[in-house]
Amino acid sequence: MTALSDDVVTYEVVGGTAVVTMNRPRYRNAQNSVMTYALDAAFQRAVEDDAVHVIVLAGNGDHFSAGHDIGTPDRDHHISYDNKAALWWDHVGKEGGDMRYAREVEVYLGMCRRWREIPKPTIAMVHGACIAGGLMLAWICDMIVASEDAFFSDPVVRMGIPGVEYFAHPWIVGSRFAKEMLFTGDKFGAQRAYEIGMVNRVVARKELRAVTLEMAERIATMPRFGLALAKRAVNQCEDQMGLRNGMDAVFGLHHFAHSHNVEVGQDSLGGLDAKAMAAPSPTR
């Protein structure tokens, strides 16, 4: 196993599978920028290695990912990074909506779209929390294998924001459940995720790695170019069904919500922090 960017991401090859693991367990693998670019470097490494046929995305510790880093000591939203995903100016030194749009079109929307187009099959191996920005990372993968203890949610409507930046909800879970998960902010478990077609397999936690790697090795026996074309075919059909255009439209609403929060409140996040976002929904 090798580490990238001060161990925030680890990289391991098992047979024909590259296992890319988020490694900020102390912060439930919250995604700061250094992790984002380390993930990108790991994915690029796997794409360029002809011995790698499938890529597995995992999280170290008790959880897959609790989402974007909105408050850890290593939050690095003020730092510039190279290897851009979006053709836009850098966010550092900008103000207001200019700064936020430039950063989020890069590290959130741009990177997720870039990773969705990885030509090799990708599998998210999910356990524990998969919240908000964590959902984005799972959703860019072609398949999801979840442990029985996995749970999912996108609670950002509590901030007055209509969903995370990579807004794939209606295409991934269907319109009815997309509204339920957004309107309530409630967590839902792996079995429910399986029932709505979001998850491919639900397995015992102790079997998660073995089952995921077994699935990856089965996929790896298929012709590499055929897999790449099949992936491109499905992605293109999703785009024809409006995924990309819808995502662009909602990204605008997302930033309008940030601006509204600043005008009527104290900050762009509606005054909420990670602890408040993780709290159960209030009952009336």
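With each run of n ≥ 4 DSSP H residues scored as -39500 (n - 2.57), what mean residue ellipticity at 222 nm is computed for the chain after dividing by its residue count and rounding to the nearest 500 deg cm²/dmol?
Numbers: 11 runs with 116 residues, N = 284.
Rounded to the nearest 500, the figure is -12000 deg cm²/dmol.
Residue by residue, the stretch 120-134 carries 3J(HN,Hα) couplings of 9, x, 10, 10, 8, 9, 10, 9, x, 6, 9, 10, 6, x, x Hz when phi is fed to the Karplus relation 6.51 cos²θ - 1.76 cosθ + 1.60 (θ = phi - 60°); x denotes Gly or Pro.
Annotation: amide H-H contacts under 5 Å for residue 30 (H modelled 1.01 Å from N, sequence separation of 5 or more, or interchain): 66.
First check a/c for the stretch 94-170, with a ≥ b ≥ c the square roots of the eigenvalues of its C-alpha gyration tensor; if it is under 1.5, answer rounded, and if not, answer prolate when a/b is larger than b/c or oblate otherwise.
oblate
The average projected area of the stretch 140-235, computed from the convex hull of its Cα atoms over all directions, is 7.0 nm². The stretch between residue 7 and residue 75 holds 22.9 nm of extra length on full extension. This uses 0.36 nm per residue minus the Cα-Cα distance. The 3J(HN,Hα) values that the Karplus relation (6.51, -1.76, 1.60; θ = phi - 60°) gives for the stretch 108-117 are, in residue order, 9, 5, x, 5, 5, 5, 4, 6, 4, 8 Hz. Gly and Pro appear as x.
Could you give the length gained on full extension between residue 214 and residue 184, defined as 0.36 nm per residue of separation minus the Cα-Cα distance, in nm?
On the way: separation 30, 0.36 × 30 = 10.80 nm, distance 3.59 nm.
Net length gain for the segment: 7.2 nm.
Counted over the stretch 2-278, the DSSP beta bridges are approximately 35% antiparallel. Please list, in chain and number order, the residues 5+ apart from residue 203 or on another chain whose amide H is under 5 Å from its amide H, with Hs placed from the backbone. Those lying under 5 Å, H to H, from residue 203 are 146, 147, 148.
How much net charge surrounds residue 268 when only other residues with a Cβ under 11 Å from its Cβ are counted (Lys, Arg +1; Asp, Glu -1)? Working shown, then result.
Working: positive: 100; negative: 104, 263, 267.
For residues surrounding residue 268, the net value is -2.
So how do 155-164, 98-107, 73-82, 197-206 stack up, highest first, on mean other-Cβ count within 10 Å?
Values: 155-164: 21.0, 98-107: 19.3, 73-82: 12.2, 197-206: 16.3.
Highest-to-lowest ranking by the protection proxy: 155-164, 98-107, 197-206, 73-82.
Once the Kirkwood radius over Cα pairs is known for the stretch 9-124, the Stokes-Einstein relation at 4 °C and 1.567 mPa s delivers a diffusion coefficient of 87 µm²/s. Whole-Hz Karplus values for the stretch 20-25 come out as 9, 10, 5, 9, 10, x Hz, taken residue by residue from phi with 6.51 cos²θ - 1.76 cosθ + 1.60 and θ = phi - 60°; glycine and proline positions read x.
Any read-out appearing in this document is the output of simple, stated calculations on the displayed coordinates, not a laboratory observation. Only a predicted model underlies this, so the values are computations on that prediction, with no experimental measurement involved. FYI the Cβ positions are ideal-geometry reconstructions off the backbone, even for glycines, and counts take in every protein chain you see.
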